Amino acid sequence: MLGMSDVTVTPAAPAPSSRLQVRPEVEGAQPIVASDGRPLLQFKSPRVSQPPVHLADFTLAERQDRLKELGHPGFRAKQLSMHYFSRYTTDPAAMSDLPKAGREELVRAMFPPLLTEVKRLTTDNGDTIKFLWRLFDGALVESVLMRYPGRVTLCVSSQAGCGMNCPFCATGQAGLTRNMSTAEIVDQVVAANRALAEDALGGLRTDGGHDADRVTNIVFMGMGEPLANYKRVMGALHRFIDDSPEGLGMSARNITVSTVGLVPAIDKLAAESLPVTFALSLHAPDDELRDELIPVNTRWKVDEALDAAYNYYRTTGRRVSIEYALIKDMNDHAWRADLLAKKLNQRGRGWVHVNPIPLNPTPGSIWTASEKSVSTEFINRLRAAGIPTTMRDTRGKEIDGACGQLAAGE
Ligand code: SAH
């Protein structure tokens, strides 16, 4: 899912000159189509009731106002924020700095339960956990926690379901249930920190290496299209980055926002001066194929998405990532590696790196990951053209926790 691990690339045998071209189609699953027969894109969250408001929905100043409205002194905002963002607790019994009288009511008002743990799956070696959460209205979402040497990454969801309808992604097949609130997004991280404090990912390293004791990296690569839920995702980014007691005080560069390529929202994000890491899910350098793989490409073409990614780099100085799921005989042809390199180099040098990932098969999809030798050839061609390229590892496959496998089934 996340985590980059360099692979040793050995020279590949030359690929056969005329390779098969498989076209995207979904077998078994019913594709969601609009009245014009094209894949349906859902940008707007359906009108459904919203989760209760929670301390993490607000800035510190707004929390103070809210507390005053509830008849409490404003300074309680800081105390409650410390409990939540630094101690990861919402248990009134642990808040001995608050007066006993009225404490329960106050805590209930500021910390309504948002995520109920339904299931927790751990890989055999214990370094990856997938959480299945039930939201207040029964909607199900997942997050995936992964330990690496020196860091811990959480893959978070930003929507229940997704409206972008990418045929190779399990989440895309069910459509969009609703946007998640800022606090629902944030609470995934706080819950993960709580689990880490309870030693859910096992003991610390014994080789003397440093081990992170809380989530150090966040990737918006769980369920949903984060830029289709812009305002709430922006709120969550602030809670992640802003210092205690405003938020968790994480480093912006360790937070990755990944998108199918909603160009106006990418431009808006670039202008926020929040130096988060930006990732574009490209998966094809040519419009003909990308129109089918990433249906939103019918609105914003490959070149427009790449221009927006380049603009993100220019505005923030942050090198951007291009995600590319290698799918056998569909998008893994050598000429596509060359075309991708050409399009990236046309815009400049040193502004981008490519993260290929072998496709994780999803139920109903007829495709599989590329052959090893073909992936190697694809990576070699990009590198030969001067594009830094690192294969991503696919953590959590055995627990259906890898990229594109999050379907939130019970
Ligand atoms: N909507 C956002 C973030 C969610 S998906 C986006 O599309 O970027 C996170 C990443 O997983 C994306 O790059 C997505 O294209 C990729 N992905 C989806 N399904 C996959 C699959 N079956 N195998 C490998 N990667 C997949």
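Brief remarks on what is shown
- Flag if residue 361 is open to solvent by 50 Å² or more (accessible area, probe 1.4 Å) and within 16 Å of the ligand (Cβ to nearest atom): yes
- Segment 213-233, subset within 17 Å of residue 188 (Cβ to Cβ) and either away from the ligand (no atom under 16 Å from the Cβ) or surrounded by fewer than 17 Cβ atoms within 10 Å (Cβ to Cβ) (or both), residue modelled with the lowest pLDDT: 214
- Residue among 285, 275 that alone is more than 17 Å from residue 88 (Cα to Cα), in contact with a Lys or Arg (Cβ under 6 Å, 6 or more places away or on another chain) and at pLDDT below 95: 275
- Total residues in segment 124-144 satisfying the condition of being over 25 Å from residue 42 (Cα atoms) and open to solvent by 10 Å² or more (accessible area, probe 1.4 Å): the figure is 5.
- Residue match in segment 241-258 (condition: out of contact with any helix residue (DSSP H, G or I) (no Cβ under 6 Å at 6 or more places or on another chain), within 16 Å of the ligand (Cβ to nearest atom) and touching a residue at least 60 places away in the same chain (Cβ under 8 Å)): yes
- Of all residues in segment 145-156, exactly one satisfies the criterion of being at pLDDT 95 or above, assigned to a strand (DSSP E or B) and either within 12 Å of the ligand (Cβ to nearest atom) or open to solvent by 10 Å² or more (accessible area, probe 1.4 Å) (or both), namely 155.
- Residue identified as without any contact (Cβ under 8 Å) to a residue 12 or more places away in the chain, more than 10 Å from the ligand (Cβ to nearest atom) and surrounded by fewer than 22 Cβ atoms within 10 Å (Cβ to Cβ) among 288, 292: 288
- Annotation note: Cβ proximity below 7 Å between a residue of segment 301-328 that is closer than 22 Å to residue 19 by Cβ and a residue that is charged (D, E, K, R) and outside any loop (DSSP other than H, G, I, E, B) (sequence gap 6+ or interchain) occurs for 302/287; 302/290.
- Selection status of residue 92, touching a helix residue (DSSP H, G or I) at 6+ places or on another chain (Cβ under 8 Å), modelled with pLDDT of 95 or more and surrounded by fewer than 19 Cβ atoms within 10 Å (Cβ to Cβ): yes
Here is a yes/no grid of residues against (1) modelled with pLDDT of 95 or more; (2) part of a strand (DSSP E or B); (3) out of contact with any Ser or Thr (no Cβ under 8 Å at 6 or more places or on another chain); (4) closer than 30 Å to residue 263 by Cβ:
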site	(1), (2), (3), (4)
183	yes, no, yes, yes
188	yes, no, no, yes
193	yes, no, yes, no
208	no, no, yes, no
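- Count of segment 157-173 residues which are closer than 22 Å to residue 188 by Cα and either assigned to a loop (DSSP other than H, G, I, E, B) or within 8 Å of the ligand (Cβ to nearest atom) (or both): 8
- Extreme residue, most open to solvent (accessible area, probe 1.4 Å), among residues of segment 45-89 that are free of Cβ contacts under 8 Å to residues at least 12 places away in the same chain, within 29 Å of the chain's Cα centre (by Cα) and farther than 22 Å from residue 180 by Cβ: 87
- Options 5, 35: the member that is modelled with pLDDT under 80, surrounded by fewer than 14 Cβ atoms within 10 Å (Cβ to Cβ), closer than 24 Å to residue 326 by Cα and of a type outside the set (A, V, I, L, M, F, W, C): 5
- Given (1) more than 12 Å from the ligand (Cβ to nearest atom); (2) out of contact with any His (no Cβ under 7 Å at 6 or more places or on another chain); (3) within 24 Å of residue 166 (Cα to Cα); (4) open to solvent by less than 20 Å² (accessible area, probe 1.4 Å), index of the condition residue 389 fails: (2)
- Taken together, the residues in segment 359-398 that are modelled with pLDDT under 95 and over 23 Å from residue 23 (Cα atoms) amount to 8.
- Just one of the listed residues (98, 114) is without any contact (Cβ under 8 Å) to a residue 40 or more places away in the chain and more than 16 Å from the ligand (Cβ to nearest atom), and it is 98.
- Total residues in segment 121-144, condition without any contact (Cβ under 8 Å) to a residue 24 or more places away in the chain and either assigned to a strand (DSSP E or B) or over 30 Å from residue 175 (Cβ atoms) (or both): 2
The values are calculated or read from the model by the stated rules, or taken from the named source; none is laboratory data. These numbers were taken from a predicted model, which means no experiment stands behind them. Cβ sites come from the backbone with ideal geometry, for glycine too, and all protein chains shown count toward neighbours. The protein model used for the area step is the full one, side chains on, heavy atoms only, and it has no ligands, DNA or RNA in it. Shrake-Rupley method; radii C 1.70, N 1.55, O 1.52, S 1.80 Å.
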